[in-house]
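Read-outs: derived from the displayed coordinates by stated rules, not from any lab. Computed from a prediction, not measured in an experiment: that's the story for all the values here. All Cβ positions, even for glycine, are placed from backbone atoms using ideal geometry, and neighbour counts span all protein chains on display.
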Amino acid sequence: MKKPPRSAIYDDIYFSTDDGFAESKAVFLDGISAPDVWKNQMRFTICELGFGTGLNFLNTVHIWLETTSDDQKLHYIATEKHPLSRADILNAIHWRELTQYVEEMLSKYLETDLLFDDRVKLTLLFGDSREQLSQSSFKVDAWYMDGFSPTKNPDMWSPELMSVMAIRSNSGAKLATFSAAGAVRRGLIEAGFEIEKKKGFGKKREMMTGIFKGI
Ligand SMILES: C[S@@+](CC[C@H](N)C(=O)[O-])C[C@H]1O[C@@H](n2cnc3c(N)ncnc32)[C@H](O)[C@@H]1O
């Protein structure tokens, strides 16, 4: 198994050393109950905190294109404070299932946000998650919280960020994260999410999923 990229700034890895592709599906897609969650939804908006290599985006596109009709539209919004280069992304995404998607994403990276015959719109918000969400006005149907570990990357798990997530959430919005940290759980509950602990991927004992119940 190829090693995942590592951030020198945060001294942490972008995804699991066991199998990033399987982890992404198990934690994020299964975590929000995809594809059932978007069944019969003509518009569906996902916001990912921490775009990184785009692995979660590409995995979501893969399942979206296989399970929806041409007239269903996915808007995928992602924040990213330290964007990776095209070369870093290409090097990180080595799974056969995702090759065709990463090529299309990179061919239009930063030029247009309409991808895959306009069935997917990708909006990248470059900068700090809380600042970016505060300046936006979209509403979200599902959240992927994928910062580096809370001890190394506290900005991505702060109560202030969670309060803005609540403002940006549609009622019943789903949430998935690899983290099961107590402070993260308490912050999300305080922000209005009902949180459930689930079995984690690989060596991780637990992860969390949530549903937005209102402020
Ligand atoms: C664990 S990695 C994300 C992995 C990614 N989801 C993927 O599929 O490759 C965490 C990401 O959060 C970004 N990040 C860290 N602090 C941030 C902040 N305050 N605002 C936005 N992005 C941040 C990092 O640069 C990194 O790309």
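Hey, could you grab the Kirkwood Rh for the chain? Inverse mean 1/r over distinct alpha carbon pairs, Å, one decimal. Every distinct Cα pair counted, the radius reaches 17.2 Å. Annotation: amide H of Asp12 within the under-5 Å range of Ser7, sequence separation 5 or more or interchain, hydrogens built in the peptide plane. Each residue of region 37-44 is assigned a 3J(HN,Hα), and the resulting list reads 4, 10, 4, 6, 8, 6, 10, 9 Hz, derived from the Karplus form 6.51 cos²θ - 1.76 cosθ + 1.60 (θ = phi - 60°), x at Gly and Pro.
Among Arg186, Arg130, Arg96, which comes first, then next, by fewest other beta-carbon atoms within 10 Å?
Details: Arg186 13, Arg130 19, Arg96 7.
Placing the least packed residue first, the sequence is Arg96, Arg186, Arg130.
Between Ile77 and Ile46, Cys47, Glu48, Thr123, the built amide H atoms are under 5 Å apart, and every one of these is 5 or more places off in sequence or on another chain.
Relative contact order for the chain: 21 percent, from Cα pairs under 8 Å spaced at least 6 residues apart, divided by residue count. In terms of overall dimensions, region 70-110 has a Cα radius of gyration and Dmax of 12.0, 33 angstrom.
With a/c under 1.5 counting as rounded, go ahead and sort region 145-215 into rounded, prolate or oblate using the C-alpha gyration tensor (a ≥ b ≥ c being the square roots of the eigenvalues; past the cut-off, prolate if a/b is larger than b/c, else oblate).
Oblate.
For region 99-148, applying the loop criterion from DSSP together with a ceiling of 13 other beta carbons within 10 Å to the chymotrypsin sites (Phe, Trp or Tyr not before Pro) yields Phe138.
Residues in region 113-119 carry Karplus couplings, in order, of 10, 9, 10, 6, 6, 6, 7 Hz; the curve used is 6.51 cos²θ - 1.76 cosθ + 1.60 with θ = phi - 60°, and Gly or Pro positions show x. Only helices enter this figure: runs of n ≥ 4 DSSP H residues, each worth -39500 (n - 2.57), summed and divided by the residues of the chain, yield -7500 deg cm²/dmol at 222 nm to the nearest 500. When each of Ser149, Ser16, Ser169 is scored by the number of other beta-carbon atoms lying within 10 Å, the sequence from fewest to most is Ser149, Ser16, Ser169.
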